[in-house]
Amino acid sequence: MENIKLSIVIPVYNVQDYLADCLESVYDVNEQSKEIIIINDGSTDNSAFIIEQYKNKYPLQTQVITQHNQGLSAARNAGINASKGKFILFLDSDDTLESEPVFNLIQFACDNDLDILQGVATKFGDVPKEQLSMPQDVFNHPVCNGRDFLNKYGNSSSIAKQNFRPEAWLMLVKRDLFIKNNIYFTEGMYFEDELMTPTLYLNANKVKALDIPFYNYRIRAGSITSVFNEKHIASKALLVKEYYSLLAKSNFYHAFLNGRLIGWCRESEEYLSIKDIAKLFLLRKYKFKDFVLLNILLLRKIITAGRFKDLTSVINVK
């Protein structure tokens, strides 16, 4: 296919019970110039058979990548490299899309030559069906660069920590934004979207959010986001380190984002050194409560003689 508008990237790992619903919704999207990139990330259940069925049914639109299990980030990165569309949309293989809203979003993104277009998701499954909470006044902002979007998002009158949506699947992202800036998901950690989303925004020139529900986010017991373990704690410590580097390198001082960083710091301090915590003061802009908490965290670390656990004993980041 030539002049592909949309690449839908779907990492798959042992989701035989949900995969058919996911793929049915994808091929139903009313956009002819789309490609479906399915990455089988070492599935051991019946997922490979289901993928092959859809590959045979839609051979011209479907590209299948098979690899040994490397995790969500590696699978998404493989999809980025294989994509040919103007825009990329990530889809988790137990979730579904709404056909007409996706069509409307891709048309808007193309017509306005956006770098990022954010929409709205609806959660369903093992929870009551409802839209994910977002500040409504964000949708009223005109097209702007990513820095201004983050500032407006953070200063929204209705904003709260739970209102900031970092999920990578909530956005249509221009492929060139990834390729030209060498932006890829960090492999080997959880919470990769928390780092990816602000990285994309800080490199984007044209960003918009529309109040269009297009993504159905399935909540199910046993998923990565519903089970908490030691790797989650270590990943938050890594997130503190990488987030600091991103904001410092970008010279972007933002009280709202800094507040999220301090929250992760509190949750993972056992993996952080005195230096890791002390350098956060260089980010300058904090709400009073976050600044107080940062001082408490540093003092507590000093009292314990700066002891911290080795991240590499838990996660292997690429």
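Some notes on this structure:
- Reachable lysines from LYS301, criterion Cα separation under 24 angstrom, eight or more residues apart if same chain: LYS231, LYS236, LYS241, LYS275, LYS279, LYS285, LYS287, LYS289, LYS309
- Here's the picture: a label point sits 7 Å out from the Cα of SER33 along the beta-carbon direction, and within region 104-118 the residues with their amide nitrogen under 11 Å of it are 107, 110-111.
- Rough spin-label spacing in nm, given labels placed 7 Å along Cα→Cβ, for LYS231 and ILE183: 2.6
- From helices alone, the chain scores -12000 deg cm²/dmol at 222 nm; the rule is -39500 (n - 2.57) for each run of n ≥ 4 DSSP H residues, then divide by the residue total.
- Stretchable slack from GLU130 to ASN81, in nm (0.36 nm times residue separation minus alpha-carbon distance): 14.3 nm
- Spatial separation of Cα centroids for region 189-268 and region 93-110, in angstrom: 23
- With a cut-off of 14 Å on the backbone N, no residue of region 185-201 is near the modelled label site 7 Å out from HIS68 along Cα-Cβ.
- Of all beta bridges that DSSP places with both ends in the chain, some 30 percent have antiparallel geometry.
- Choice from ALA278, ALA109, ALA121 with maximal GNM fluctuation in the chain (Cα, 10 Å cutoff): ALA278
- Each label point was placed 7 Å from the Cα along the Cα-to-Cβ direction; for SER99 and ASP176 their separation is 3.2 nm.
- Taken along its principal axes, the alpha carbon cloud of region 1-42 reaches lengths of 32, 19, 10 Å, longest axis first.
- Using a Förster distance of 45 Å, the FRET efficiency for ASN56-ILE219 (Cβ separation, nearest 0.05): 0.90
- Added length on full extension, which subtracts the Cα-Cα distance from 0.36 nm per residue, GLU24 to TYR253: 78.1 nm
- Local electrostatic count at ASP45 - Lys and Arg +1, Asp and Glu -1, tallied over other residues with Cβ under 14 Å: -4
- The label-point distance for LEU246 and GLU267, in a model that sets each label 7 Å from Cα toward Cβ, rounds to 1.4 nm.
- For LYS57, a cut-off of 18 angstrom between C-alpha atoms picks up these aspartates and glutamates, skipping any fewer than 8 places away in its own chain: ASP21, GLU24, ASP28, GLU31, GLU35.
- Using only side-chain charges placed at the Cβ, +1 for Lys and Arg and -1 for Asp and Glu, the dipole size of the chain relative to its Cα centre rounds to 1600 debye.
- Local electrostatic count, ALA204, Cβ distance below 14 Å [Lys/Arg +1, Asp/Glu -1]: +3
- Over region 224-308, the pair-distance histogram of Cα-Cα distances with 10 Å bins from zero comes to 18, 52, 27, 4 percent, rounded to whole numbers.
- Listed candidates (1) 16.0; (2) 20.9; (3) 23.4 - label of the one calculated as mean projected area of the Cα convex hull in nm²: (1)
Taken together, the values in this text are just the output of simple stated rules run on the coordinates, not laboratory data. The structure displayed is predicted, hence computed values, not measured ones. We place every Cβ from the backbone using ideal geometry, glycine too, and count neighbours over all the protein chains shown.
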